[in-house]
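Trainee: The structure under discussion is supplied below as structure tokens; questions concerning it will follow.
The values are calculated or read from the model by the stated rules, or taken from the named source; none is laboratory data. All figures in this text were calculated on a predicted structure; none of them were measured in a lab. Because the Cβ atoms are built from the backbone with ideal geometry, glycine has one as well, and the counts that use them run over all protein chains shown.
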Amino acid sequence: MTLTAAPTTPHGGPGLPQVRRLATAIPGPRSAEILQRKAAAVPAGVGHTVPIAAVAAGGGVVVDADGNSLIDLGSGIAVTTVGSAHPKVVEAIAAQAAQFTHTCFMISPYESYIAVAEVLNRLTPGDHEKKTALFNSGAEAVENAVKIARKHTGRPAVVAFDHGYHGRTNLTMALTAKSMPYKSGFGPFAPEIYRAPASYPLRDGLTGPEAAARTLSLIEKQIGAENLAAVVIEPIQGEGGFIVPADGFLPAVADWCRDNDVVFIADEVQSGFARTGAMFASELFGIVPDLVTTAKGIAGGMPLAAVTGRADIMDAAHAGGLGGTYGGNPVACAAALAALDAFENDGLIERAQQIERVLVDRLGALAAADDRIGEVRGRGAMMAVEFVDPAAGAPDAALTGAVAKACLADGVIVLTCGTYGNVIRFLPPLSIPDALLHEGIDVVASALAAR
């Protein structure tokens, strides 16, 4: 049964229909069969959010093995920002794969790696001289940024923040704040990692300068600037709940780092590449990081990540100290060049701003009518709602989970997040048609009203 129709899109195969369609219950029999095979062949620790087996995606939909077409408000966690199977990306991948798929850049370099570095050096905040190293994942990028900062400063300590998420490697688990499911039982973790309070306006009630003063006082008293190599922070915290810091917080922390020769690392893995209505979220707060880590949306779905930063800092590592067998794979680099071209030249920053206006208007109206929504926040196509007990303001994870589950059953993919598990995040691909975006929000509204 087709629930609605919208225009077709060239993304995700020839004319993939932009419709929400439920041919079966979720999961359908074919998806259920595939998920049974997953349970038998794949460790239980590799979970999944949506009980479907995907066979196609593009525009604003994901199609499963049973013919169900779900509205995609998750973008594979902010990866398919340009849209899954974007024509430019598909063409670039095919052309490069026909030439060669691997040589290892550390063995025999190739031009596409260098071209990606040149684009990132130009696009990231600041007009200073920069250099870029490429890796495979956001966690790998963060880990290498810390390595570079420690080598540059000769200091061991690193500060991360409450509600922060940086990855699943040993070092990035140490940087990550949330225990379950990311850290519990996996220690001991890398040493010399310290945690400071971040700005969380809904819960701390502090202005940006007040929150910064609290944070910097703790750093100075408990760690000491002379021991600190780097501060690592997401300009808008992702897994922690899409927390937007109060105005003035990030500039104050960045200024303190500059004054004390501490490397300021902006983790833009989730917030980068037009996602927030700017090429990088750092721009929204007027900060110029020393190092920027990127991944997710960088290559239209291909695995690629980067550390970009001040040339003198990036050059601190000795020859052979940075790299990896697959880092900057040529097929991923070709995809990245196509995706970066789309971000710059296809109006995607403006599209993210349009999506923000839709989400702010629609979600704001929901919040005005339902005091279980404690806050609507975010920027661009990176928005969220935080659900609370209206009497006490306490996080309401049960309501959040129930709404998300109902949305999935009704053909809309939404993702939860937040330290307290009480946030639904909205990360639609920038290729989503307006009609489909509105319909997805309609489903969320109905799911909330029914609870």
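Trainee: Identify, please: which residue in the range 55-91 is more than 21 Å from the chain's Cα centre (by Cα) and of a type in the set (Gly, Ala, Ser) and is, among those, surrounded by the fewest Cβ atoms within 10 Å (Cβ to Cβ)?
Mentor: If we take residues in the range 55-91 being more than 21 Å from the chain's Cα centre (by Cα) and of a type in the set (Gly, Ala, Ser), then GLY67 is surrounded by the fewest Cβ atoms within 10 Å (Cβ to Cβ).
Trainee: Next question, about the same structure. Take the residues in the range 405-431 that are small (Gly, Ala, Ser) and surrounded by fewer than 21 Cβ atoms within 10 Å (Cβ to Cβ); name whichever of them is nearest to the chain's Cα centre (by Cα).
Mentor: GLY421
Trainee: In addition: Only one of these is buried (at least 24 other Cβ atoms within 10 Å of the Cβ) and hydroxyl-bearing (Ser, Thr, Tyr): SER217, SER282. Name it.
Mentor: Among SER217, SER282, only SER282 is buried (at least 24 other Cβ atoms within 10 Å of the Cβ) and hydroxyl-bearing (Ser, Thr, Tyr).
Trainee: Taking interchain pairs and intrachain pairs at least six residues apart, which have beta carbon atoms under 8 angstrom, with the first residue in the range 365-394 and assigned to a helix (DSSP H, G or I) and the second of a type outside the set (A, V, I, L, M, F, W, C)?
Mentor: Once the first residue is assigned to a helix (DSSP H, G or I) and sits in the range 365-394, its partners that are of a type outside the set (A, V, I, L, M, F, W, C) give ALA367/GLU375.
Trainee: Only one residue in ALA32, ALA44, ALA40 is in a helix (DSSP H, G or I), exposed (fewer than 12 other Cβ atoms within 10 Å of the Cβ) and aliphatic (A, V, I, L, M), so which one is that?
Mentor: None of the other options fit; the residue is ALA40.
Trainee: Give the residue, chosen from GLU226, GLU192, GLU220, GLU210, that is touching a Lys or Arg at 6+ places or on another chain (Cβ under 8 Å), modelled with pLDDT of 95 or more and not aromatic (Phe, Trp, Tyr).
Mentor: Result: GLU226 is the single residue among GLU226, GLU192, GLU220, GLU210 that is touching a Lys or Arg at 6+ places or on another chain (Cβ under 8 Å), modelled with pLDDT of 95 or more and not aromatic (Phe, Trp, Tyr).
Trainee: Let me ask something else. Kindly indicate whether any position in the range 262-281 is assigned by TED's automatic domain parsing to the domain that holds ALA336, in contact with a Phe, Trp or Tyr (Cβ under 7 Å, 6 or more places away or on another chain) and free of Cβ contacts under 8 Å to residues at least 40 places away in the same chain.
Mentor: yes
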